[in-house]
Structures are given as C-alpha cells and as structure tokens.
Amino acid sequence: MLIKVLVAGLVGTLVGIALMIGVIAIFGSDTEDSTSIGLGSLPISTATLSTAPSSTPTSGGGSSGPTSTGGGGDVAAGEQIFASHCSSCHSNDAGTPSPLPAAPNLAQLAPSLTSAVILNQIANAAPPMPAGLVSGADADNVAAYILSLGQ
C-alpha cells in the first residue's frame with residue numbers, strides 16, 4: 001500500500017513538472033513588465049492599495065494625499081519606529097547584511113519599492129515577519145522612511 005502511495009505521489013509530481021514545462025514552452029516566461037520583489041517566502045505584490053492615511057495627516061509635506069513615493073508619511077517618525085520594530089531583523093544601511101539573514105536589506109531594496117508595496121508587505125507579511133507589526137500612521141511613516149533610504 002505504501003509503495004502505491006509513493007508511486008502515485010512521484011507520478012503526480014512528474015506530471016506537474018511536465019505540465020509547467022509545457023505551459024512555459026507554449027506561452028513563454030516573459031516577466032519583462034513584472035514588478036514583484038521577492039522577500040523571503042512571500043513575494044511583495046505590486047497591487048495598488050489605498051494608502052490614504054486613516055488619521056490626521058502629518059505636516060511638512062507640500063503634497064495633498066498619498067503618492068507612490070510615500071509622501072504621506074513622516075520620515076523622522078518612521079526612522080524611530082523602524083529602529084524599535086524593524087531593525088532587529090532588517091538592515092537600513094546599504095552594504096550591511098540584515099541581522100536576520102532571511103530579511104532583506106531595505107536600503108538596497110528601497111529604490112525599487114513604492115509606498116503601496118511596503119504597506120502591503122507590512123500588513124500581509126509571511127513568517128518570519130509578523131503581519132501587521134505596525135499599522136495606520138505608523139505604517140505610513142515606516143514606508144516614508146524606507147523610501148527615503150533609496151534617495
């Protein structure tokens with residue numbers, strides 16, 4: 001009985017691999033317009049999310065409303081939140097490895113990120129990163145800080 005189960009599993013795996021190869025051969029693997037960024041076991045989706053602040057906006061910005069570069073957050077406040085909630089796993093210094101090897105160096109990733117991508121990762125993270133580590137204005141501030149690392 002165990003042999004039959006193992007053989008069935010092996011056959012299923014081989015059929016799945018053959019099917020994937022066939023789909024790639026027929027339709028190609030063009031990812032030229034793809035903008036996903038892999039972070040550990042969860043790729044960050046570039047789905048457009050509403051990044052409108054849920055609380056009173058911070059002062060100091062000439063922009064009225066969120067932008068794809070994180071104009072809705074306070075960089076200085078985000079740096080403090082990053083230090084207390086994120087820096088134990090993520091590096092914020094380009095060229096310096098993150099304390100947790102599975103966690104990306106956010107200074108190196110920052111130029112390719114948007115506020116929406118960062119906010120999505122914060123809200124929907126996968127282990128080892130806990131989802132919802134910060135939220136609301138704090139998440140907006142962390143996103144603004146991370147984006148500032150790429151400038």
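Thr31 meets all of the listed conditions (1) over 16 Å from Val142 (Cβ atoms); (2) among the β-branched types (Val, Ile, Thr); (3) at pLDDT 55 or above but one, namely (3). For Leu109, the conditions (1) surrounded by fewer than 17 Cβ atoms within 10 Å (Cβ to Cβ); (2) in contact (Cβ under 8 Å) with a residue 60 or more places away in the chain all hold with the exception of (1).
Per-residue answers, yes or no, for (1) at pLDDT 50 or above; (2) part of a loop (DSSP other than H, G, I, E, B); (3) touching a Gly at 6+ places or on another chain (Cβ under 8 Å):
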{"residue": "Val15", "(1), (2), (3)": "yes, no, no"}
{"residue": "Ala47", "(1), (2), (3)": "no, yes, no"}
{"residue": "Pro53", "(1), (2), (3)": "no, yes, yes"}
{"residue": "Ile81", "(1), (2), (3)": "yes, no, no"}
{"residue": "Ser98", "(1), (2), (3)": "yes, yes, no"}
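Every listed requirement among (1) out of contact with any helix residue (DSSP H, G or I) (no Cβ under 8 Å at 6 or more places or on another chain); (2) loosely packed, with under 13 Cβ neighbours inside 10 Å; (3) of a type outside the set (A, V, I, L, M, F, W, C) is met by Gly95 save one, (1). In the set (1) surrounded by 13 or more Cβ atoms within 10 Å (Cβ to Cβ); (2) of a type outside the set (A, V, I, L, M, F, W, C); (3) touching a Leu at 6+ places or on another chain (Cβ under 8 Å), the condition left unmet by Gly78 is number (3). What about Pro57, is it of a type outside the set (Asp, Glu), assigned to a loop (DSSP other than H, G, I, E, B), surrounded by 15 or more Cβ atoms within 10 Å (Cβ to Cβ) and at pLDDT below 90? Yes; evaluated as a whole, the condition is true for this residue. Among residues of region 100-151 being part of a loop (DSSP other than H, G, I, E, B) and of a type in the set (Gly, Ala, Ser), the one that is modelled with the lowest pLDDT is Ala126.
The values are calculated or read from the model by the stated rules, or taken from the named source; none is laboratory data. What you see is a predicted model, and the numbers here were worked out from it, not measured in a lab. Every residue, glycine among them, receives a Cβ derived from its backbone with ideal geometry; neighbour counts consider all protein chains shown.
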